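Inspection log for the structure reproduced underneath, given as structure tokens.
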């Protein structure tokens, strides 16, 4: 294993194993036990050579999933440990690899040990440099990024030359999976879909600027925003026009970039970059609630773009009139264009989404299993798709067909949470009513004890009664960090031990939510 450690790596194989163990531990803490066990537990570190680390996964499906959904975060965690490491190479393990040869830390065995196992089986190992060279056959080359053949302009953006020319490099990348073709239309979302199509075909047309999409979590707002951006780019190219400059970001990222510009005294550069785009898409606008200075900057940016005939698309969890904490002048401007809501899904729409997802993955899913999922998981399309992804992953990883019994076993945690029918929103509402505070205080920056203690109780109950990870719970409470949620959980547990009246209060709330 020592041969696999490059000049930028720890000086010994044990140190490299410790680094890898810390990275896995941090990732597990961030995503939660269930998500980690489903997607990330089978990662194996093959080697660290110079500026690149190689990570192995057992199947192509799992490799593509981990690279697409966790690649950026893994690279950031690696760079926190090894600043000179620049790249991660995700590959598929050779078929001859013996799973039980991996140690508990997820590090490949030494070349000598692996060679001995292969010799015992009558397999010849090709001598190669580095730890990956001890495997029975070379790993397959990494394929082109998914979706690039469909979006050549996106592939061009990833080249160094194109990146250097890109004026809005602070914009978040668009997801190639989120297109109009992959969006399943039903009665709850047909109006929002039609509005998004209209904006994509004729940006900045009267009555549709801005386009304001709102609805609950996981109903397709982000999908429609990305689909608009892709379609606007493609239509411009198809018409022989220069491609329009599209910038997509979350409201939270807008705030952070604005704060960074203030600190670096580069606000003019920030304003010019932002106002030079043709289409601006801001996701989750509710995160600007209580951020007065950022709201003001967004208001001026909004006016400048609309006055210049540029398109703005915004999403939030509530309609403009219900966004308390947003300045009246901004709320009025947001509602002056087209406001479209995405309702909770119907059973028929959920079945259609599952069928489309299964067809895309190319995996046979019994109708009874899809009907079961559509009945059980009703509030969140994202969670519905995640449940199906987990079933497909297990089928691919273990070579087993998807069955009803298997689905109940694999998804036991999700199904148990939905049997209780408890959501974070319900918890926040019930706790706010119990302590006689405003619901908006759950996500506000106020730290007065009369507000902070009920908020901690709500976080504690969210951890106990839902399957959400700590980072997701924190996001639902005004974008707080997962460490804040951990502190709230431990603090409430301590108070319940020392204060019997407080413990009875919390238990009463728990029983009210569970029944």
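Per the conditions (1) assigned to a helix (DSSP H, G or I); (2) closer than 14 Å to residue 312 by Cβ; (3) out of contact with any helix residue (DSSP H, G or I) (no Cβ under 7 Å at 6 or more places or on another chain), the sole criterion not satisfied by residue 207 is (1). In region 228-261, which residues are assigned to a helix (DSSP H, G or I) and either within 11 Å of residue 281 (Cα to Cα) or modelled with pLDDT under 85 (or both)? 228, 229, 233, 234, 235, 236, 237, 238, 251, 254 - these are the residues of region 228-261 that are assigned to a helix (DSSP H, G or I) and either within 11 Å of residue 281 (Cα to Cα) or modelled with pLDDT under 85 (or both).
Filtered by the rule that a residue be at pLDDT 90 or above and either touching a helix residue (DSSP H, G or I) at 6+ places or on another chain (Cβ under 7 Å) or within 19 Å of residue 286 (Cβ to Cβ) (or both), region 445-462 gives 451, 454, 455, 456, 457, 458, 459, 460, 461, 462.
Count of region 334-378 residues, restricted to those that are crowded, with 19+ Cβ neighbours inside 10 Å and not in a loop (DSSP other than H, G, I, E, B), is 15.
What pairs come out if I take residues in region 256-269 that are in contact (Cβ under 8 Å) with a residue 40 or more places away in the chain and pair them with residues that are surrounded by 14 or more Cβ atoms within 10 Å (Cβ to Cβ) and part of a helix (DSSP H, G or I) whose C-beta lies under 8 Å away, six or more apart or interchain? Hits for this filter: 257/270. In region 379-433, the residue that is modelled with the lowest pLDDT out of those that are crowded, with 19+ Cβ neighbours inside 10 Å, in contact with a helix residue (DSSP H, G or I) (Cβ under 7 Å, 6 or more places away or on another chain) and not in a helix (DSSP H, G or I) is 422.
Conditions (1) in the same structural domain as residue 250 (by TED's automatic domain parsing); (2) surrounded by fewer than 17 Cβ atoms within 10 Å (Cβ to Cβ); (3) closer than 28 Å to residue 377 by Cβ, marked per residue:
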{"position": "441", "(1), (2), (3)": "no, no, no"}
{"position": "448", "(1), (2), (3)": "no, yes, no"}
{"position": "465", "(1), (2), (3)": "no, no, yes"}
{"position": "472", "(1), (2), (3)": "no, no, yes"}
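Regarding region 295-318, can at least one residue be identified that is part of a loop (DSSP other than H, G, I, E, B), modelled with pLDDT under 90 and within 30 Å of residue 474 (Cβ to Cβ)? Yes - at least one qualifying residue is present in region 295-318. Of all positions in region 77-87, at least one carries a residue that is at pLDDT 85 or above, assigned by TED's automatic domain parsing to the domain that holds residue 24, part of a helix (DSSP H, G or I) and closer than 30 Å to residue 388 by Cβ.
Being free of Cβ contacts under 8 Å to residues at least 40 places away in the same chain and in a loop (DSSP other than H, G, I, E, B): is that true of residue 217 here?
On the way: free of Cβ contacts under 8 Å to residues at least 40 places away in the same chain: no; in a loop (DSSP other than H, G, I, E, B): yes.
Against the criterion (free of Cβ contacts under 8 Å to residues at least 40 places away in the same chain and in a loop (DSSP other than H, G, I, E, B)), residue 217 does not qualify.
The values are calculated or read from the model by the stated rules, or taken from the named source; none is laboratory data. As the structure is a prediction and not an experimental result, all values here were calculated from the model. Using ideal geometry, Cβ is built from the backbone for each residue, glycine included, and neighbour counts are taken over all protein chains shown.
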